[in-house]
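The values are calculated or read from the model by the stated rules, or taken from the named source; none is laboratory data. Keep in mind that what you see is a predicted model, and the values were worked out from it rather than measured. Cβ atoms come from the backbone with ideal geometry, glycine included; neighbour counts cover every protein chain shown. In case anyone asks, the SASA skips ligands and DNA or RNA and just uses the protein heavy atoms, side chains included. Shrake-Rupley method; radii C 1.70, N 1.55, O 1.52, S 1.80 Å.
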Amino acid sequence: MRIPAPALAVSAMVSVQLGAALSTHLFAALTPAGSAWIRVAIAAVILMAVTRPRLRGLTRSVLVGTLLLGTATGAMTLVFIEAVARLPLGTVVAIEFLGPLSVAAIRAHRRSALVWPALALVGVVGLTRPWVGQLNLPGIGFAVASAVGWGGYILLTQRVGAQVRGLQGLAMSLSIAALVAAPFGAWPAIHGLTPMIALQGLGLALLVPLLAFAFEMLALRRMSVTAFGTLMALEPGLGTAFGLLLLAQTPSPVQVVGVALVIAAGIGAQRKAPLDPVEAPVAPTLALARPDTVEPAGVTCPRGETL
């Protein structure tokens, strides 16, 4: 049965936010960094075993891009989960969303496009409520770092995803991400590992990054990047909903308005985005080249490629 592309996109976002919320239950045993590392490491091992990427035939540009993407992925994963350990999930996702919004505004080449990041920033202020006097500066710092990482991740995934066929680029970048995160998360993860936690880590790795990235790739091959980006604007709302349902993080009325402003900014930025040559849906094609060859594959990047 052919699943509609928007349903795949929404499923990817649900998978990401559900995985982030459930990861918090491993913080006590593995630390936040350890819980992030074990997910990325398991996902990398699975993808490397399935895709068996070969370095032969890859150009220097592709190798450098993959290395940079893996580094950005590892760093972004670490700072995001450290932010989640200190702030409500919806707040972290809203702050992180400033990254792709800013990239969208810069790529629009219009001053008027800056209104959307500004609107989202107003929403973030409502979420963090600095006037209350309980500002968690380390948490906000990690979330802002995650936003910067996501902004760079957009450009890198678009580059690598357009050059490397299938899931090989994703497998290599996740392997690099696991190595980058290892100094911070490997020891606490291994030290606190038990058979039950290993099973939980496997389940979380399947949720994110494996299922989430796969769903996004499939969706992007059958829908425009603008449509996908508009749906992605719902992610702060999903983060708030999962924080409420699974983590008992009840937002105040002001925070609900803040989330709404961030979502409105995301939708507005996409509706006003200029069309470009990759705006049409990319139809999947049969690849006749060898698995280790490089070919144009359209925009099939896991996260952030939509803006």
Check: Under the rule of -39500 (n - 2.57) per DSSP H run of 4 or more residues, summed and divided by the residues of the chain, what mean residue ellipticity at 222 nm is obtained, to the nearest 500 deg cm²/dmol?
Finding: -23000 deg cm²/dmol
Notebook entry, point to check: Which semi-axis lengths, in whole Å and largest first, follow from the square roots of five times the eigenvalues of the Cα gyration tensor of the stretch 106-212?
Noted result: 32, 25, 12
Note to self: Among Val208, Gly192, Met172, whose Cα projects farthest towards the positive end of the dipole of the chain, with charges put on the beta-carbon of Lys, Arg (+1) and Asp, Glu (-1)?
What the structure shows: Met172
Next item on the list: Run the accessible area of the chain with a 1.4 Å probe and give the carbon-and-sulfur part as a rounded percent.
Entry: 72 percent
Notebook entry, point to check: With +1 on each Lys and Arg Cβ and -1 on each Asp and Glu Cβ, how big is the dipole of the chain about its Cα centre, in debye rounded to the nearest 20?
Noted result: 500 debye
Notebook entry, point to check: Within the chain, which DSSP H helices have Cα atoms that stretch 18 Å or more along the helix axis and a mean Kyte-Doolittle hydropathy of at least -0.5?
Noted result: 5-23, 27-51, 60-84, 115-128, 137-163, 168-191, 253-271
Next item on the list: Quote to one decimal, in nm, the extra length available between Arg56 and Val256 on full extension: 0.36 nm per residue of separation minus the C-alpha distance between them.
Entry: 66.9 nm
Next item on the list: Compute the relative contact order of the chain as a whole-number percentage, counting only Cα pairs closer than 8 Å that sit 6 or more residues apart in sequence.
Entry: 37 percent
Check: So what is the accessible area of the chain per residue, in Å², with the probe set to 1.4 Å?
Finding: 45 Å²
Check: Remind me, relative contact order of the stretch 101-258 in percent, using alpha carbon pairs under 8 angstrom and six or more residues apart?
Finding: 39 percent
Notebook entry, point to check: Between Leu244, Leu89, Gly70, whose Cα lies farthest towards the positive end of the dipole of the chain when Lys and Arg beta carbons carry +1 and Asp and Glu beta carbons carry -1, centred on the Cα centre?
Noted result: Gly70
Check: Going highest first, how would you order 2-13, 116-127 by mean Cβ packing within 10 Å?
Finding: 116-127, 2-13
Notebook entry, point to check: Anyone know which of Thr91, Thr230, Thr250 comes out most mobile in the 10 Å Cα GNM of the chain?
Noted result: Thr250
